[in-house]
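To start, the structure itself, in structure tokens.
Coordinate-derived values only; no laboratory data. If you're wondering where the values come from, they're calculated on a predicted model, not measured in any experiment. Positions of Cβ are generated from backbone atoms using ideal geometry, with glycine treated the same way; all protein chains shown enter the neighbour counts.
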Protein chains: 2
Amino acid sequence: MSDSFSVADLGRRAKSAAPILANATTDIKNFALLAAADLILSRKDEIIQANLEDLSLAKDVLLDSAIDRLRLDQSRIESMAAGLRQVAALPDPVGEITHGWTRPNGLEISKLRVPLGVIGVIYENRPNVTSDAAGLCIKSGNVAFLRGSSTAINSNRSIANILRDAFSKEGLPKDVVVLLEETSHESAVEFMQLEGMIDCLIPRGGETLIKSIKENAKVPYILDGSGNCHVFVDSSAQELMAIDIVINSKTSRPGVCNAAESLLVHESIAKSFLPKLAQEMPSVQMMGDQATKEILPSVSLATEEDFATEFLSLKMSVGIVQSLDQAIEHIRHYGSGHTEAIVTSNIENALRFTKEVDAAAVVVNASTRFTDGEQFGYGAEIGISTQKLHARGPLGLTELTTLKYVVIGQGQIRK
Amino acid sequence: MSDSFSVADLGRRAKSAAPILANATTDIKNFALLAAADLILSRKDEIIQANLEDLSLAKDVLLDSAIDRLRLDQSRIESMAAGLRQVAALPDPVGEITHGWTRPNGLEISKLRVPLGVIGVIYENRPNVTSDAAGLCIKSGNVAFLRGSSTAINSNRSIANILRDAFSKEGLPKDVVVLLEETSHESAVEFMQLEGMIDCLIPRGGETLIKSIKENAKVPYILDGSGNCHVFVDSSAQELMAIDIVINSKTSRPGVCNAAESLLVHESIAKSFLPKLAQEMPSVQMMGDQATKEILPSVSLATEEDFATEFLSLKMSVGIVQSLDQAIEHIRHYGSGHTEAIVTSNIENALRFTKEVDAAAVVVNASTRFTDGEQFGYGAEIGISTQKLHARGPLGLTELTTLKYVVIGQGQIRK
């Protein structure tokens with residue numbers, strides 16, 4: 001793909017490949033994914049070479065953590081290929097008939113699962129997303145229209161070209177993967193506004209990207225939202241279970257959206273529970289409300305801001321509540337609608353919590369960290385939605401599709 | 001509701017009523033809907049009085065057709081009450097468990113259907129929508145936050161107050177129905193931007209409203225889109241069936257979105273079919289391409305614009321195509337993704353058409369006019385979506401809900 005193509009030109013190319021891919025059989029899509037996995041491995045030197053160029057340009061510009069995310073070594077390239085094979089092995093959502101019925105006048109109506117068309121993916125400095133996102137799009141019958149970061153452009157171009165070569169060898173149009181190589185801010189905005197060419201936009205990135213999409217996007221999008229997740233330890237909680245769940249939710253991978261950020265403890269158990277937890281979780285810096293400070297004097301006083309923050313680090317806000325109602329009310333106020341957990345032995349409280357808390361996932365007696373496509377058994381995910389329309393929670397292959405009504409008659413007209 | 005409440009105040013009131021309504025049982029919601037139907041009938045004089053005020057203010061401002069839409073007489077008020085009873089009789093979508101499975105680690109995961117929360121409805125000069133929309137929202141567990149037109153404000157206020165009285169008599173908060181009485185353009189824009197207070201916005205109106213929502217809305221929305229619907233008469237079509245279907249699709253109610261606007265005819269049948277159709281459908285003004293004009297010399301020559309227009313009147317663009325592929329390509333170019341029909345006796349062509357045409361509904365051997373919540377058997381609809389995300393086609397009660405994952409464990413943590 002030459003740089004001379006405008007954003008709209010590329011959009012038109014993506015759009016024109018969409019009907020062909022939408023009607024490709026599962027076999028063709030799977031062969032294409034396996035061929036792409038093979039070609040990524042056999043041309044890995046090309047990818048590493050391109051990545052070295054990116055790394056050398058980035059070394060004075062990016063932080064070490066970002067450099068690490070940018071780096072592609074042998075093992076990461078193998079993971080990309082393995083990811084494509086794994087997606088090939090997943091069931092194809094396209095073609096499922098989710099419902100079907102016959103009307104009194106004899107019309108047969110069914111709802112058929114079909115691809116969305118063109119999925120736009122905007123992502124930051126992680127070149128492996130080029131391959132991961134393309135794999136999920138192709139399997140679900142959608143053209144992958146990709147826009148990565150400027151810092152990863154050589155790596156992204158190299159991976160996209162290999163994918164395009166592999167897919168076209170298997171009979172699909174090259175343009176089932178289209179990479180926007182222009183990486184200016186203006187081109188990103190133009191990308192978000194390609195009405196009629198992008199059927200669904202999915203951002204993979206932080207707050208700034210999300211904000212820009214909310215402000216600028218004119219195409220439909222699914223937001224991979226933030227997670228200010230809570231664990232509520234109810235009065236009837238088993239203390240050892242609660243300690244395990246809080247520690248796992250908070251510390252097993254603090255930088256991800258399904259990590260817990262806030263702990264609520266019922267006042268009747270707090271005096272016994274909090275000191276034990278603090279002892280078992282010394283690595284976490286707690287910010288507590290006044291009641292928490294009375295039990296754990298060494299914690300700092302939590303601000304309003306602390307309760308509202310997704311730390312993504314080893315920090316946790318802690319509040320003591322007098323009732324389940326107060327816990328639910330706190331979560332309603334501060335939660336981001338991602339994952340909310342209760343630890344309890346009381347079935348009524350478990351039922352009320354799962355019913356009344358409004359979030360993508362409500363969890364009883366387990367870690368918040370399970371809200372994840374892989375953990376739910378979906379095999380792969382392209383993100384986790386905190387919005388309510390279209391898709392909520394882990395975005396698997398099914399969430400990359402839509403439904404179409406197929407109506408079969410024998411000459412019926414409407415009276 | 002006093003006019004002194006700001007748009008945001010009203011949004012907060014709607015939001016705070018949402019959790020209570022979301023957790024109301026089906027019985028409570030049904031009793032409330034039946035009570036509202038009764039109260040609308042017993043206070044119908046109040047509604048008629050308010051409507052007379054609107055009519056007297058409107059008589060020098062609105063066209064006759066708009067005055068007719070604004071008028072509420074005995075029979076229209078009875079229809080509103082009957083609509084509420086009909087919605088009460090429909091199955092409640094809330095509480096359905098759409099899937100459930102157990103993971104290898106013992107976690108039990110289920111997907112539970114829940115209300116969206118607050119549904120904002122912006123509508124034009126039809127006061128009956130106040131009651132119709134509120135009924136669908138309440139039944140699906142959603143607060144109805146309504147914004148009607150200035151011309152119908154007295155009628156809308158009167159209906160909303162009656163609904164609020166009836167619902168609160170049955171134990172629901174009054175604010176499960178909130179009417180924004182401020183009807184300036186600025187207040188409409190503010191309404192569309194109430195992030196965090198409106199979970200889903202549904203417009204019921206024409207192009208101008210849709211355009212304003214696309215430009216201004218910051219809350220999620222579902223568009224009730226336009227329908228440039230086609231009927232394709234294939235070479236193998238039964239001519240009498242095709243004539244019935246074209247006439248029904250075009251003329252049974254030309255002003256609605258599922259009416260056909262464009263006719264495509266296979267060249268091998270055109271010479272025989274078109275003169276017969278023209279004779280049977282004299283009320284329709286046809287604009288045809290060059291090949292059509294050669295068969296029907298009296299039709300005017302269709303412009304590019306004619307093929308792209310949703311006439312919503314007794315006009316129809318007509319094109320002759322050389323193949324199914326050309327018909328599909330034409331529909332891909334000009335269609336609006338609403339309803340596309342083929343008349344054919346050839347199963348391969350029927351399959352290809354339903355597979356390759358990308359629309360909310362694809363129809364074989366039946367009228368386009370069947371794309372409708374009532375006709376599909378949904379009992380009621382709040383619109384017809386031409387978007388692909390969340391809901392496509394008729395919007396019934398189910399489309400006014402979302403899903404939530406409920407995860408039940410016995411202390412599981414993530415390894």
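Key figures for this structure:
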| read-out | value |
| --- | --- |
| With Cα atoms, 0 to 90° folded angle of helix B:153-169 axis to chain B main axis | 50 |
| Centre separation in Å (Cα based) which lies between region B:380-396 and region A:231-246 | 43 |
| Hydrodynamic radius by Kirkwood, which averages 1/r over all alpha carbon pairs of region A:67-186, in angstrom | 16.0 |
| Overall form of region A:229-374 per C-alpha gyration tensor (a/c, 1.5; a/b vs b/c) | rounded |
| Reciprocal mean inverse distance between Cα atoms of the protein assembly as shown - Kirkwood radius, Å | 28.8 |
| Unsatisfied cross-links (Cα-Cα over 32 Å) in the set B:111/B:218; A:29/A:388; A:59/B:218 | A:59/B:218 |
| DSSP-defined antiparallel bridges as percent of all bridges, the protein assembly as shown, nearest 5 | 25 |
| With 5 Å bins from 0: P(r) over region A:164-281, alpha-carbon pairs, percent | 2, 10, 14, 13, 10, 9, 9, 9, 8, 7, 7, 3, 1, 0 |
| Residues of region B:382-408 with amide N under 18 Å of a point placed 7 Å along Cα→Cβ from residue A:414 | B:382-387, B:392-397 |
| Cα-based helix-to-principal-axis angle, A:267-280 vs chain A, degrees rounded to 10 | 70 |
| Beta bridges by DSSP in chain B, antiparallel share as percent, to the nearest 5 | 30 |
| Label 7 Å beyond Cα on the Cβ vector: residue B:42 copy-to-copy distances, nm | 8.1 |
| Relative contact order for region B:229-374, counting Cα pairs under 8 Å that sit 6 or more residues apart, in percent | 33 |
| Relative contact order %, chain A, counting alpha carbon pairs below 8 Å whose residues are six or more apart | 18 |
| Packing-based exposure ordering (other Cβ within 10 Å, fewest first) of A:34, B:324 | A:34, B:324 |
| Under the Karplus curve 6.51 cos²θ - 1.76 cosθ + 1.60, θ = phi - 60°, whole-Hz ³J(HN,Hα) for region B:214-219, x wherever Gly or Pro sits | 4, 7, 10, 5, 10, 9 |
| 0 to 90° range, to nearest 10: angle between helix A:347-356 axis and chain A longest Cα axis | 50 |
| Spin-label pair residue B:253/residue A:322, simplified geometry with 7 Å Cα→Cβ offset, distance in nm | 5.6 |
| Cβ-derived FRET efficiency at R0 45 Å, residue B:8 paired with residue A:240, nearest 0.05 | 0.45 |
| Mean-position separation - Cα centroids, region B:265-311 and region B:80-150, in angstrom | 43 |
| Shape metrics for chain B, restricted to C-alpha atoms - Rg then Dmax, Å | 24.1, 79 |
| Phi-based couplings in Hz for region A:16-32 (Karplus 6.51, -1.76, 1.60; Gly and Pro marked x) | 6, 7, 4, x, 5, 5, 4, 9, 6, 6, 4, 4, 4, 5, 5, 4, 5 |
| Helix-only mean residue ellipticity at 222 nm for chain B, each DSSP H run of n ≥ 4 adding -39500 (n - 2.57), per residue, nearest 500 | -13500 deg cm²/dmol |
| DSSP-defined beta bridges in region A:1-156 - what % are antiparallel, rounded to 5 | 50 |
| Three-way shape call for region A:326-407 based on the alpha-carbon gyration tensor, with the a/c threshold at 1.5 | prolate |
| Percent RCO, i.e. relative contact order, over region A:1-129, from Cα pairs under 8 Å lying at least 6 residues apart | 29 |
| Cα-based Rg / Dmax (Å) for region A:111-169 | 12.1, 43 |
| Amide H within-cut-off set for residue B:201, under 5 Å, with H built and near neighbours excluded | B:120, B:221, B:222 |
| Spatial extent of region A:247-320: Rg and Dmax, with the Cα atoms as the point set, Å | 11.4, 31 |
| Cβ-derived FRET efficiency at R0 35 Å, residue B:74 paired with residue B:296, nearest 0.05 | 0.15 |
| Efficiency of FRET between residue B:82 and residue A:210 - r from beta-carbon atoms, R0 41 angstrom, step 0.05 | 0.35 |
| Rounded if a/c under 1.5, otherwise prolate or oblate - region B:1-95, Cα gyration tensor axes | oblate |
| Derived scalar couplings ³J(HN,Hα) [region B:54-70; Karplus, 6.51 cos²θ - 1.76 cosθ + 1.60; whole Hz; x for Gly, Pro] | 4, 5, 6, 5, 7, 4, 9, 10, 9, 5, 4, 5, 6, 4, 4, 5, 6 |
